[in-house]
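Some notes on the structure that comes next.
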Amino acid sequence: MWTHVLMNKSHFTAVVCQILLAASVLVLPTTPTYAETRGKILLAQAPDDSGTEAAQPEKTGQKKKAKNKNKNKQKEKTQKEKNQGKGQNAKGKNAQPAVLDPQTEKKKDKKNKKDRKKKETAPGQENAKPATPVSPFSPPPKKSANEPKIEPKDTFKKTKGKKTDGPATPPQTFSRPSRDVIKKTYIVPPKNKKKVDDIKKTRKESVAEGGKVRLIEESDKRVIVRSQNSFIIHHDESERFRRVSRNAKTVRRSDGGYETVLVRDGGVRVYNIVDRRGHLLYRYRRDRFGREVILIDNRPYYRRWGVSGKDLVIGLAVGAAIVALAPPVIAIARDKYIVDYGRASDYDLYEALTAPPVERIDRAYALDEIRYSESLRQRMRRVDLDTLTFDFGSWDIDPSQYRNLERIADNINRALENNPDEVFLIEGHTDAVGTEEDNLSLSDRRAQTVAEILTSEFGVPPENLVTQGYGEQYLKVPTERAERANRRIAIRRITPLMANDSRDYE
């Protein structure tokens with residue numbers, strides 16, 4: 001019996017458990033969990049848009065940010081109050097100064113130092129060691145022996161006007177100095193009291209080539225060379241530079257020649273190199289950036305003929321420098337080809353001083369070839385200065401006549417503004433009265449006098465001028481009598497004819 005009762009109890013217990021399990025499945029889904037209940041409570045306590053208390057963030061990062069933000073606001077508020085107190089004290093108000101704790105001051109100083117180090121540290125180098133401060137009284141650090149040398153970026157190699165390295169915007173061409181700068185640099189040469197009769201007393205004559213060549217040497221290194229029926233004259237190209245410049249310096253070179261240097265304001269230097277007898281070898285200009293521009297170069301010409309020193313004079317006498325060309329065909333009006341200064345306008349003068357050759361030039365020529373070849377010079381137009389007068393046997397010009405050179409000087413300066421490397425030949429001519437030697441010497445000295453006045457009075461740079469005397473060889477009016485039209489100074493541009501680089505001779 002007890003066995004039956006126990007079986008009934010176990011069965012009853014199982015049935016009750018099944019009923020309770022079914023009831024729990026039906027009731028539990030509708031019962032809120034602890035998390036849901038807590039969330040509902042927080043939402044009920046959360047303020048609306050105008051509330052004063054914000055809900056706490058669930059994530060740890062958000063809690064820290066909010067906490068730091070509150071601290072920063074509190075610090076800013078405290079700092080404003082301190083500043084207001086300081087400002088009031090500065091203005092003389094009765095506000096009490098803020099008393100700061102020494103410990104707070106130390107912490108503040110440490111924080112400021114850390115902030116400065118962070119700013120000075122480059123991006124990506126926060127962990128780098130700070131540089132050791134250098135005392136202004138400590139010696140400069142020693143350079144390593146293997147450390148490469150760094151050239152400054154504002155230097156130029158000495159090339160013919162070409163920039164190799166330097167500033168982004170250096171001057172591309174030589175800037176011609178103003179007239180005032182030229183007049184400050186150069187002086188009016190002293191007047192010459194001598195006349196051609198005085199020069200005759202100092203002449204020395206000699207012969208060469210078995211008597212075929214006759215040399216007449218004057219006291220100022222002028223040499224007249226007579227070969228058969230032709231006359232030419234040489235002069236020292238550095239003499240004019242020394243006469244017009246206060247600071248011209250001449251030094252002797254190792255090859256026996258001489259180098260004359262002119263220094264102008266702005267760091268410009270002009271170099272004139274001649275051989276031992278004064279014949280021009282080359283002339284160049286160096287600007288303040290160290291760039292060099294060769295204006296005249298006769299060296300390849302001399303090397304071609306293998307002449308130097310005294311042999312140079314003899315070589316030229318026998319025709320080494322004379323170029324035989326047919327006379328050019330002139331296709332322009334006569335008053336455009338040969339401009340008479342007294343009747344010409346400024347436009348006519350400027351046009352003649354900047355015009356190209358009247359015929360095509362086959363090659364570039366040396367300066368001496370241009371000087372001693374009339375057919376070559378005829379390729380360029382010329383201006384005849386027929387308004388100048390000289391006393392008989394003299395090469396000085398009275399100051400009252402300086403104004404007669406003003407217009408020609410202005411137009412030369414205009415041409416140099418467009419091209420500072422232009423070269424102009426100043427020719428001296430006389431009439432047929434007197435001996436050929438005297439007229440040749442007189443005309444050469446008169447051409448030099450005009451060049452000196454153009455520089456000292458009107459600011460024409462001396463390196464842009466060359467001079468040559470021709471005496472009575474090229475008469476404008478063919479007569480043996482005294483003729484004023486034959487006593488003239490002529491000026492012509494010779495830049496298109498002239499070589500200023502060794503490659504021009506090839």
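The values are calculated or read from the model by the stated rules, or taken from the named source; none is laboratory data. Everything numeric here is computed off the predicted structure, so don't read it as measured data. With ideal geometry, Cβ positions are generated from the backbone for all residues, glycine too; neighbour counts draw on all protein chains shown. Note: accessible area is taken over every heavy atom of the protein model, side chains too, but ligands, DNA and RNA are not part of it. Shrake-Rupley method; radii C 1.70, N 1.55, O 1.52, S 1.80 Å.
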Given pairs 193/249; 212/249; 200/249 and cut-off 28 Å on Cα-Cα distance, the over-length ones are 212/249; 200/249
Karplus-derived 3J(HN,Hα) from phi for region 376-383 (6.51 cos²θ - 1.76 cosθ + 1.60, θ = phi - 60°), whole Hz, x at Gly and Pro, runs 6, 5, 5, 6, 10, 5, 9, 10
Phi angles of region 397-411, converted by Karplus (6.51 cos²θ - 1.76 cosθ + 1.60, θ = phi - 60°) into ³J(HN,Hα) in whole Hz with x for Gly and Pro, give 10, 5, x, 5, 9, 4, 5, 5, 9, 5, 5, 5, 5, 4, 6
Computed about the Cα centre, the charge dipole of region 367-433 from +1 Lys/Arg and -1 Asp/Glu charges at the Cβ has a magnitude in debye, to the nearest 20, of 280 debye
For region 370-423, dividing by residue count, accessible area per residue (probe 1.4 Å) in Å² works out to 38 Å²
With 0.36 nm assigned to each residue of separation and the Cα-Cα distance removed, residue 303 to residue 403 gains 31.7 nm
Of the candidates 471, 498, 411, the farthest towards the positive dipole end of region 386-506 (Lys/Arg Cβ +1, Asp/Glu Cβ -1, centred on the Cα centre) is 411
Here the gain from full extension of residue 192 to residue 19, 0.36 nm per residue of separation minus their alpha-carbon distance, amounts to 47.5 nm
Accessible-area order for 231, 390, largest to smallest, probe 1.4 angstrom, reads 390, 231
Rounded to the nearest 10 Å², the accessible area of residue 254 using a 1.4 Å probe with every protein chain kept is 130 Å²
Computed from the beta carbon distance with a Förster radius of 30 Å, FRET efficiency for residue 329 and residue 477 to the nearest 0.05 stands at 0.80
Which residues qualify? For residue 426, with a placed amide H closer than 5 Å and at least 5 residues away or on another chain, they are 466, 467, 468
The correct ranking of 370, 330, 19 by accessible area at 1.4 Å, largest first, is 19, 330, 370
Ignoring ligands and nucleic acids, residue 475 exposes an accessible area, probe 1.4 Å, in Å² to the nearest 10, of 50 Å²
Under a 1.4 Å probe, counting only protein heavy atoms, residue 250 has an accessible area in Å², nearest 10, of 60 Å²
Karplus-derived 3J(HN,Hα) from phi for region 261-277 (6.51 cos²θ - 1.76 cosθ + 1.60, θ = phi - 60°), whole Hz, x at Gly and Pro, runs 10, 10, 10, 10, 4, x, x, 7, 10, 10, 10, 10, 10, 10, 7, 5, 9
